[in-house]
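K.L.:
Please read through the structure below; I'll follow up with questions.
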Amino acid sequence: SPSPSAPAPTRSWAAQVSALAQPASSTGVGASDPDAPVTPFKPVREDPFTAAARRQAAVRPAGLGRRLLARIVDSLLLGALTGAAVVPLAGRAADHVQAKVDAAKLSGETVEVWLVDTTTVSCLLASVGVLLVLGLLYEALPTARFGRTLGKKLFGLRVRDIEEHEPPGFAAALRRWLVYAVPGLLGIGVVGVLWACFDRPWRQCWHDKAAHTFVAR
């Protein structure tokens, strides 16, 4: 009867790793010779988790001076865009009020002319809507995509999530813009901005706290 075949020799772990690391041949088998010298396995220079932790630890909140300059640039640009868009609305409201004043003069009587009516209020609300939409396009979308607006880019700043230190998602960026813009329209936004002067350690404004973000240098 035929003698049983001898068991195949077992290669060392290092030899198997070296064989798997070689380019596959046309037969799908590693092209290296099992008996060839084995290149010692070299671990990566730095653990990826350690590297990520090191990068996060290197991030620091930006200085208030650069943040103020970046905000001034962004406000001027957004104000110019909004102003150009609401000129027709402002003209319509002014013409409406002037027509009411002229009609009161022609009546020859002493009458009260209300400047606030449905027409002027609708123009005001439409202007606010234009500001919020342009802010969505200028502030929220670039912040979610790149972590910065044009003003922040000019001064080397980025908006980062306070936990992951990555650009915030769209929902957080939109929330950040609304919490900045709405109190600003109501006249109390300056308090939320000045909050960063006293907040520690991340120097967050109200809109940063609402979005769980901070501005990094």
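The values are calculated or read from the model by the stated rules, or taken from the named source; none is laboratory data. Quick caveat, the model's predicted, so the values are computed rather than measured. As a convention, Cβ positions derive from the backbone with ideal geometry for all residues, glycine included, and neighbour counts pool all protein chains shown. Heavy atoms of the whole protein, side chains included, go into the accessibility calculation; ligands, DNA and RNA do not. Shrake-Rupley method; radii C 1.70, N 1.55, O 1.52, S 1.80 Å.
K.L.:
Anything in the range 193-217 that is out of contact with any Gly (no Cβ under 8 Å at 6 or more places or on another chain) and assigned to a helix (DSSP H, G or I)? List them, or say none. It would help to see each step written out before you state the result.
P.N.:
So the first thing to find is which residues in the range 193-217 are out of contact with any Gly (no Cβ under 8 Å at 6 or more places or on another chain), and the list is 193-204, 208-216.
Listed by number, the residues that qualify are V193, L194, W195, A196, C197, D208, K209, A210, A211.
K.L.:
Looking at the range 166-189, which of its residues are assigned to a loop (DSSP other than H, G, I, E, B) and either surrounded by fewer than 18 Cβ atoms within 10 Å (Cβ to Cβ) or among the hydrophobic types (A, V, I, L, M, F, W, C) (or both)? Working first, answer last.
P.N.:
Filtering the range 166-189 down to residues assigned to a loop (DSSP other than H, G, I, E, B) leaves 166-169, 187-188.
E166, G169, G187, I188 - these are the residues of the range 166-189 that are assigned to a loop (DSSP other than H, G, I, E, B) and either surrounded by fewer than 18 Cβ atoms within 10 Å (Cβ to Cβ) or among the hydrophobic types (A, V, I, L, M, F, W, C) (or both).
K.L.:
Quick check on my filter: what residues within the range 176-217 are among the small types (G, A, S), under 20 Å from L134 (Cα atoms) and out of contact with any Pro (no Cβ under 8 Å at 6 or more places or on another chain)?
P.N.:
Selection gives A181, G184, G187.
K.L.:
When residues of the range 190-203 are filtered for being within 19 Å of the chain's Cα centre (by Cα), of a type outside the set (D, E, K, R) and open to solvent by 20 Å² or more (accessible area, probe 1.4 Å), how many remain?
P.N.:
So the count comes out to 2.
K.L.:
If you don't mind, another one. Of a type outside the set (D, E) and out of contact with any Lys or Arg (no Cβ under 9 Å at 6 or more places or on another chain): is that true of K209 in this structure?
P.N.:
Against the criterion (of a type outside the set (D, E) and out of contact with any Lys or Arg (no Cβ under 9 Å at 6 or more places or on another chain)), K209 qualifies.
K.L.:
Here's something else I'd like to know. Between a first residue in the range 154-182 that is closer than 17 Å to P61 by Cα and a second residue that is part of a loop (DSSP other than H, G, I, E, B), which pairs have beta carbons less than 6 Å apart while being 6 or more apart in sequence or on different chains?
P.N.:
Between residues of the range 154-182 that are closer than 17 Å to P61 by Cα and residues that are part of a loop (DSSP other than H, G, I, E, B), the close pairs are L157/A62; R158/G147; R158/R148; V159/G147; D161/P168; I162/H212; H165/V59; P167/G147.
K.L.:
Only residues that are under 28 Å from Y180 (Cα atoms), of a type in the set (S, T, Y) and without any contact (Cβ under 8 Å) to a residue 12 or more places away in the chain: list them for the range 80-116, please.
P.N.:
Matches in the range 80-116: none.
K.L.:
Still on this structure: As an exercise: evaluate L77 against (1) open to solvent by less than 80 Å² (accessible area, probe 1.4 Å); (2) without any contact (Cβ under 8 Å) to a residue 40 or more places away in the chain; (3) of a type in the set (A, V, I, L, M) and give the number of the one condition it does not meet.
P.N.:
Looking at each condition in turn, L77 falls short on (2).
K.L.:
Determine which member of the set T149, T213, T119 is open to solvent by less than 20 Å² (accessible area, probe 1.4 Å), in contact (Cβ under 8 Å) with a residue 24 or more places away in the chain and more than 20 Å from L76 (Cβ to Cβ).
P.N.:
T213
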